[in-house]
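First the structure, in the form of structure tokens, and then the observations on it.
Quick note: the coordinates plus some simple rules give every number you see, no bench work behind them. Please read these numbers as outputs of a predicted model, since none were measured by experiment. Positions of Cβ are backbone-derived with ideal geometry, glycine not excepted, and every protein chain shown enters the neighbour counts.
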Amino acid sequence: MKFGVVVFPGSNCDHDTVYTLREILDQEVVELWHKDTDLQDVDMIILPGGFSYGDYLRSGAIARYSPIMGKVIEFAERGGYVLGICNGFQILCEAGLLPGALLHNQNQKFICKNIYILPDNNEAPVNRLLDKEKPLKIPIAHGEGRYFASPETLSMMRQNNQILFRYCNDSGEISEQYNPNGSVENIAGVCNETKNVFGMMPHPERAADDELGNTDGRLILESLIKIILEKKISYYN
């Protein structure tokens, strides 16, 4: 599978993402500069974490207008797969590819630590192969990670299984007590209605290497790769 990792001015998780995909998961990867308009025939696009354009105005607000984003939006609207991690999630919300918005953390502080998340369902490629009873230990690092959506939007998202992950404790208990940033309904990740665009605040690429002593993030990326490859093979057969 061929991945394209978009690099914006201020991205700082692009190398982590490329390393994980290429060295840990043995995937083909190309880096796509924010001014590019050629997606190089990739199968999937990842918008990595970081501080695109210094988070001026608000996180993701300027990056959303980078030249490449027009092509990313076209790609997604044709059914192409897109994953936004942390700042990438913020950009996808700003671009209208995902519902809701990411607001300042409830405590108004930058939070960097390991947390636990639980798959809400198994309806999207990113969580299809995950155990809904097993919490995953994944790091977060953000100042604007508080997910918000209107009650009407949340109701629709629950019906469509668009909530990917929720914050929990190491036993899988979902409670406001284990919500690191004040996200509505403990939401840590969402997808669009057609389940080809995904966003999450935790960093799976930072929990994929054996050397780090935690590979829970690898399970998320492996689910994504396997399900998309199966769909691709089925399409061509």
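A compact table of results
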{"quantity": "Size of charge dipole - the chain - debye, nearest 20, with Cβ of Lys, Arg +1 and Asp, Glu -1, no other charges", "calculated": "400 debye"}
{"quantity": "Base-10 log of normalised Debye intensity for the range 2-236 (one unit scatterer per alpha-carbon) at q = 0.07 Å⁻¹", "calculated": "-0.19"}
{"quantity": "Mean Cβ count within 10 Å, highest first, over the residues of peptides 54-64, 191-201, 35-45, 158-168", "calculated": "191-201, 158-168, 54-64, 35-45"}
{"quantity": "Of the DSSP H helices in the chain, those whose Cα atoms cover at least 24 Å axially and whose Kyte score averages 0.0 or more", "calculated": "216-236"}
{"quantity": "Neighbour-count order for ILE117, ILE68, fewest beta carbons within 10 angstrom listed first", "calculated": "ILE68, ILE117"}
{"quantity": "Cα pair distances in the range 36-126, grouped into 10 Å bins until the bin that holds the longest one, percent each", "calculated": "14, 45, 30, 10, 0"}
{"quantity": "For PHE51, distant residues with modelled amide H under 5 Å away", "calculated": "SER11, ASN12"}
{"quantity": "Calculated [θ] (222 nm, deg cm²/dmol) that DSSP helices of n ≥ 4 give over the chain, each run adding -39,500 (n - 2.57)", "calculated": "-7000 deg cm²/dmol"}
{"quantity": "ASN122/ARG58 FRET efficiency (R0 41 Å; Cβ-Cβ; nearest 0.05)", "calculated": "0.80"}
{"quantity": "Distance between the range 13-64 and the range 69-109 - C-alpha centres, whole angstrom", "calculated": "12 Å"}
{"quantity": "16 Å Cα-Cα reach of LYS231 towards lysines, excluding residues that sit fewer than 8 places from it in its own chain", "calculated": "LYS2, LYS195"}
{"quantity": "Three semi-axes of the equivalent ellipsoid, the range 1-74, Cα gyration tensor, whole Å, largest first", "calculated": "21, 15, 8"}
{"quantity": "LYS226 versus SER175: modelled label distance in nm, points set 7 Å from Cα along the beta carbon direction", "calculated": "3.2 nm"}
